[in-house]
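Engineer: Here it is, the structure, as structure tokens.
The values are calculated or read from the model by the stated rules, or taken from the named source; none is laboratory data. Just so we're clear, the structure is a prediction, and the values are computed from it rather than from any experiment. Please note: Cβ atoms are built from the backbone with ideal geometry, for glycine as well, and neighbour counts cover all protein chains shown.
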């Protein structure tokens with residue numbers, strides 16, 4: 001199952017409606033997407049809208065509501081929160097953008113007031129191998145961090161096919177996926 005876990009729409013700094021982005025991902029064979037607009041930019045009904053959209057598309061594609069947060073404890077380093085039914089996946093976003101060393105990543109993750117489940121080993125869809133190494137003992141995901149159609153399909157993860165969002169989140173936490181880079 002192809003999964004895109006970091007997507008922006010025109011609810012924040014993306015160019016297209018959530019429905020348009022989801023459809024574009026479907027056309028590229030994705031079975032799962034997480035809409036993760038910047039939290040500070042989203043309207044009050046954001047999560048309700050994404051949940052309704054996900055219900056409407058159930059059986060066609062799994063739509064997970066999420067957000068990209070500016071985490072103040074880390075000088076506004078971005079952190080993804082992707083929601084399942086009961087579970088929340090938290091991902092340290094694009095450490096390449098902050099030029100963090102593996103040791104700095106470990107310090108950040110270990111200082112968080114909640115569990116960090118994975119880190120991105122990509123930056124805007126481009127593989128960053130310096131973050132896909134055993135010195136960083138958390139699962140590494142790849143995302144395209146798409147904002148426009150031309151960003152779609154640069155990097156993703158592939159897992160077993162799940163219909164339960166919580167099962168998908170547990171699979172990511174356990175590292176039961178493969179990174180794919182176009």
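Engineer: Output the residue which, of all residues in region 69-91 that are more than 15 Å from the chain's Cα centre (by Cα) and under 14 Å from residue 169 (Cβ atoms), is surrounded by the most Cβ atoms within 10 Å (Cβ to Cβ). Don't jump to the end; show me each part of the working.
Structural biologist: Quick first cut of region 69-91, residues more than 15 Å from the chain's Cα centre (by Cα) only: 71-76, 85-86.
Add one more test, that the residue is under 14 Å from residue 169 (Cβ atoms), and what stays is 85-86.
Numbers: 85: 10, 86: 8.
Residue satisfying both the conditions and the ranking: 85.
Engineer: Run down 29, 66, 54 and say which single residue is under 22 Å from residue 172 (Cβ atoms) and surrounded by fewer than 18 Cβ atoms within 10 Å (Cβ to Cβ).
Structural biologist: Working: 66 fails: surrounded by fewer than 18 Cβ atoms within 10 Å (Cβ to Cβ); 54 fails: surrounded by fewer than 18 Cβ atoms within 10 Å (Cβ to Cβ).
The conditions single out 29.
Engineer: Looking only at region 1-34, count how many residues are farther than 11 Å from residue 152 by Cβ, free of Cβ contacts under 8 Å to residues at least 60 places away in the same chain and assigned to a strand (DSSP E or B).
Structural biologist: 1
Engineer: Let me ask something additional. Looking at region 52-81, which of the residues that are under 22 Å from residue 132 (Cβ atoms) and in contact with a helix residue (DSSP H, G or I) (Cβ under 7 Å, 6 or more places away or on another chain) is modelled with the highest pLDDT?
Structural biologist: Top of the filtered list is 68.
Engineer: Residue by residue through region 35-51, note down the ones that are part of a loop (DSSP other than H, G, I, E, B) and surrounded by fewer than 17 Cβ atoms within 10 Å (Cβ to Cβ). Outline the logic, then answer.
Structural biologist: Taking region 35-51 as the starting set, the residues that turn out to be part of a loop (DSSP other than H, G, I, E, B) are 42-45.
Once the filter is applied, which keeps residues that are part of a loop (DSSP other than H, G, I, E, B) and surrounded by fewer than 17 Cβ atoms within 10 Å (Cβ to Cβ), region 35-51 yields 43, 44, 45.
Engineer: Related question: I need the full set of residues from region 97-118 which are part of a helix (DSSP H, G or I), within 11 Å of residue 74 (Cα to Cα) and out of contact with any helix residue (DSSP H, G or I) (no Cβ under 6 Å at 6 or more places or on another chain), in order please.
Structural biologist: Within region 97-118, 98, 104, 107, 109, 111 meet the criteria.
Engineer: I would also like to ask the following. Can you find a residue that is under 17 Å from residue 87 (Cα atoms), at pLDDT below 95 and surrounded by 14 or more Cβ atoms within 10 Å (Cβ to Cβ) anywhere in region 109-124?
Structural biologist: no
Engineer: A further question on this structure: Being buried (at least 18 other Cβ atoms within 10 Å of the Cβ) and in a loop (DSSP other than H, G, I, E, B) is the requirement here; does residue 175 meet it? Working first, answer last.
Structural biologist: Numbers: buried (at least 18 other Cβ atoms within 10 Å of the Cβ): no; in a loop (DSSP other than H, G, I, E, B): yes.
It is false that residue 175 is buried (at least 18 other Cβ atoms within 10 Å of the Cβ) and in a loop (DSSP other than H, G, I, E, B).
Engineer: Could you tell me whether residue 4 is within 21 Å of residue 174 (Cβ to Cβ), under 17 Å from the mean Cα position of the chain (by Cα) and crowded, with 22+ Cβ neighbours inside 10 Å?
Structural biologist: In short, yes.
Engineer: Can you tell me which residue in region 154-172 is surrounded by the most Cβ atoms within 10 Å (Cβ to Cβ), limited to those that are touching a strand residue (DSSP E or B) at 6+ places or on another chain (Cβ under 8 Å) and modelled with pLDDT under 95? Write out each step before concluding.
Structural biologist: Looking only at region 154-172, we keep the residues that are touching a strand residue (DSSP E or B) at 6+ places or on another chain (Cβ under 8 Å), and these are 154-159, 162-163, 165, 168-169, 172.
Now drop any that are not modelled with pLDDT under 95, which leaves 162-163.
Details: 162: 17, 163: 12.
Among residues in region 154-172 that are touching a strand residue (DSSP E or B) at 6+ places or on another chain (Cβ under 8 Å) and modelled with pLDDT under 95, the one surrounded by the most Cβ atoms within 10 Å (Cβ to Cβ) is 162.
Engineer: Okay, moving on. Pull up region 139-152, narrow it to residues that are part of a loop (DSSP other than H, G, I, E, B) and touching a helix residue (DSSP H, G or I) at 6+ places or on another chain (Cβ under 8 Å), then point me to the one that is surrounded by the fewest Cβ atoms within 10 Å (Cβ to Cβ).
Structural biologist: If we take residues in region 139-152 being part of a loop (DSSP other than H, G, I, E, B) and touching a helix residue (DSSP H, G or I) at 6+ places or on another chain (Cβ under 8 Å), then 139 is surrounded by the fewest Cβ atoms within 10 Å (Cβ to Cβ).
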